[in-house]
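Take a look at the structure set out below.
No lab work stands behind these numbers, since they all come straight from the coordinates. Since the model is a prediction, treat every value here as computed from it, not as a measurement. Positions of Cβ are generated from backbone atoms using ideal geometry, with glycine treated the same way; all protein chains shown enter the neighbour counts.
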Amino acid sequence: ALEAPTATDEEPAVKKKEAAVEGRVSWWTQFQVLLHRCSLANKRNPQILQARVGQTLVSALLLGFIFLRLRKGDAISKNGAANFINLNQGMTGLVTVLQTFTTDKIVALREYRSGTYSLVPYFLAKTAADAAFQIFNPVVFFTIAWYMMNLNPSATRWLWGLGFIFLQTNASISMGYLISCMCPDLEIALSVMPLLTMPLILVAGFMIILDSLPRFWIWVPYLSPFRWAFSGIMHAVWEDVELDPCPAGMNPPSCYSSGAEVLEYYCLDGDSMWLNALYLVIMVVGYRVVGLLVLLILNRRN
């Protein structure tokens, strides 16, 4: 009589069958199915969506009332507000991804190891499903804060600033995906995040004048979305703005006679708005690609 197959005999056969099933399904089909599943998962948690929208509205209104209707020459307050918007939206996007993707990834890796689907379609589907929420919040926050604070009445300048805060948020979100892919769980990810983000925040251009940065740190700003977003927002606020002449004996940072002087003081006058945007686009794509590669390398299936 033939002996019944043992559990150890069945496991390789099951894995081969699952791998064969996965191999017959194209990446595009896997992406479509996973995108639908991730979208449904987002819709099943309306309370989380409502909480994020409420947080965005309350934060924007609070910031707007603190810096309410700044005068044209309130350079110090406007610069502080621009820096806060930059840091707030970047860190909000980054932390949100850490809290959601790191925990969701654990389930995805379990299904990946069982041969259900590949990691590349999952990663692309997850990032695409979350994109709608990542677009809405920064647009609402920035628009409310910009006009309540009276940073610049020009609609063109608002559009420039909105574009930079949108790119900054998504670049920070890409950093969040990278950190999530590096770390096995949320606790470790939240511990690693401050170590990686603190240097990037410090070289944004507000806390330290960039020309005074030690030579051995000059490469750090090129990795920082905060640096290029701050420059872009500052250009949107101050470029081509004329202010009242300063009294005799008063010089920056106590008094500015033009927006060009503000940009020059922060060593941002040589920056190009288009180049700033290009750096941020590279980070949006680059950090996600590196994150995906890290995820694949750390979870190679034998």
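Quick notes
- Report note on the peptides 204-210, 124-130: ranked by the mean count of other C-beta atoms within 10 Å, highest first, their order is 124-130, 204-210.
- Inter-part distance, the stretch 93-124 to the stretch 164-181, computed on C-alpha centroids, equals 16 Å.
- Scanning residues 5 or more positions from Ser258 or on other chains, those with amide H under 5 Å from its amide H are Leu243, with H placed 1.01 Å from N in the peptide plane.
- Degrees separating the helix 186-202 axis from the principal Cα axis of the chain, which is the longest one: 30
- Structural descriptor for the stretch 25-298: relative contact order 25 percent, calculated from alpha carbon pairs under 8 angstrom and at least 6 residues apart.
- Degrees, to the nearest 10: 225-238 long Cα axis against longest axis of the chain: 30
- Cubic angstrom per residue, convex hull over Cα atoms of the chain: 151
- Between Leu57 and Lys43, the simple label model (points 7 Å from Cα in the Cβ direction) yields a spacing of 2.3 nm.
- Order of Tyr265, Tyr279, Tyr222 - criterion: other Cβ atoms within 10 Å of each residue's Cβ, fewest first: Tyr222, Tyr265, Tyr279
- Left without a cysteine partner by the 4.7 Å Cβ rule in the chain: Cys38, Cys181, Cys183, Cys267.
- Cα shape, the stretch 104-207, gyration tensor, a/c 1.5 rule: oblate
- Treating r as the C-beta distance of Ile188 and Ser154 and R0 as 51 Å, the FRET efficiency rounds to 0.70.
- Most to least packed among 193-200, 131-138, 282-289 [average Cβ atoms within 10 Å]: 282-289, 131-138, 193-200
- The angle between the Cα long axis of helix 273-298 and the main principal axis of the chain comes to about 20°, on a 0 to 90 degree scale.
- Additional length obtainable on full extension of the chain from Ala248 to Ala131, 0.36 nm per residue less Cα span: 36.9 nm
- With the highest mean first, a sort of the peptides 226-235, 39-48 on other beta-carbon atoms found within 10 angstrom per residue produces 226-235, 39-48.
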